[in-house]
Amino acid sequence: MSSVDSAGNDASVLYRVQHDTRYDYESAVELAHHLAQLRPLSQEGVQHCEAYQCDIEPRPEHLARDLDAYGNERLFFAHYAPHDTLSVRAVSLVRVQAPAQPDWEASPAWEQVRERLRYRAGRPSEPAEEFSFGSDFSPVFDAAAAFAAPSFPPGRPLLDAAHDLMRRIHAEFTYDPDSTEAHTRAPQALELRHGVCQDYAHVMLSALRSLGLAARYVSGYLRSRPRPGEQALVGADASHAWVSVWCPANGWVEFDPTNDRRPAADYVRVAVGRDFADVSPLRGVIRGGGRHALHVAVNVSPASG
């Protein structure tokens, strides 16, 4: 169910999100500890998670929830009995609206933002400052700064520059699921100029951070089936990733370099962090199991109600 604003655009959409993960192990897993981050975020003015349920088979012997430093819900679970399969199904109802359009004219020059984020003894730090440092998947390195430079000439407003960087990444990179792996880092992705949404986001993060700017990784989903007449987005039917950039006049502003657009009401946000390592949907440590086959399916569709 959706509501429509005075301009005829979707003001909000209620989505049903189903994320299925299944592991089939070659031999029995004797002991397993897992961490899942599958509950969509509730963010004022953007989206609200109205219902959430996570079913795990076999049923875990231990289950606990908490919030991480960035406000993402984490679900810890453990199995102490042998098992040869693991299934995790997360079903959510999320009401989403398009983020407010940023005030582009109020965006300061990017150098001013860099100076504001720079540490000065005795001066209070900006909360966004922690996202200006390199991380494992998105380190600060010279080639990333050189790649970003054409989009960031002196005095250019930050949001204009970030938008141009997004468009250049989209134009100069080839979406290729077979070219990279889950552990590929930004330096390798930048050299290859091939990859998936995770790689596009990591490269954009490194480019921005290498100039001293603050940017964070956003994980989530896209509407699985576009409306009639709309082009399908790259990354639907799987977890997606994009970037948000901190601008003093506008807060966090999102950019999706994979699809060359700003996220709207067809994006569902699950978690934010420094890079993929902070927001992986499901990870863990097991004893036993041998080789395994992994199956993941995601569906995001409008819900009634």
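Structure above, values below:
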| quantity | calculated |
| --- | --- |
| Qualifying residue in segment 116-128 (condition: in the same structural domain as T258 (by TED's automatic domain parsing), under 21 Å from D278 (Cα atoms) and free of Cβ contacts under 8 Å to residues at least 24 places away in the same chain) | yes |
| Among residues of segment 60-99, those that are free of Cβ contacts under 8 Å to residues at least 40 places away in the same chain, surrounded by 15 or more Cβ atoms within 10 Å (Cβ to Cβ) and closer than 30 Å to D256 by Cβ, counted | 2 |
| The lone exception for D160 - which of (1) within 22 Å of Q101 (Cα to Cα); (2) surrounded by 18 or more Cβ atoms within 10 Å (Cβ to Cβ) it fails | (2) |
| Matching residues, segment 114-161, being of a type in the set (A, V, I, L, M, F, W, C) and under 21 Å from R185 (Cβ atoms) | F131, F133, F137, V140, F141, A143, A144, A145, A146, F147, A148, A149 |
| Residues that are under 15 Å from Y221 (Cβ atoms) and out of contact with any strand residue (DSSP E or B) (no Cβ under 6 Å at 6 or more places or on another chain), drawn from segment 31-51 | Q43, V46 |
| Scope segment 100-140; condition more than 15 Å from L159 (Cβ to Cβ), surrounded by fewer than 15 Cβ atoms within 10 Å (Cβ to Cβ), at pLDDT 95 or above and of a type in the set (A, V, I, L, M, F, W, C); matching residues | F133 |
| Segment 283-305, residues that are surrounded by 15 or more Cβ atoms within 10 Å (Cβ to Cβ), not aliphatic (A, V, I, L, M) and not in a strand (DSSP E or B) | G289 |
| Filter result (buried (at least 20 other Cβ atoms within 10 Å of the Cβ) and either of a type outside the set (F, W, Y) or in contact with a helix residue (DSSP H, G or I) (Cβ under 6 Å, 6 or more places away or on another chain) (or both)) within segment 255-267 | F255, D256, P257, T258, N259, P263, A265, D266 |
| Top-ranked residue in segment 108-133 [being under 18 Å from A148 (Cα atoms) and in a loop (DSSP other than H, G, I, E, B); ranked as nearest to the chain's Cα centre (by Cα)] | F133 |
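The values are calculated or read from the model by the stated rules, or taken from the named source; none is laboratory data. Only a predicted model underlies this, so the values are computations on that prediction, with no experimental measurement involved. Ideal geometry is used to build each Cβ from the backbone, glycine not excepted, and the neighbour counts take in all protein chains shown.
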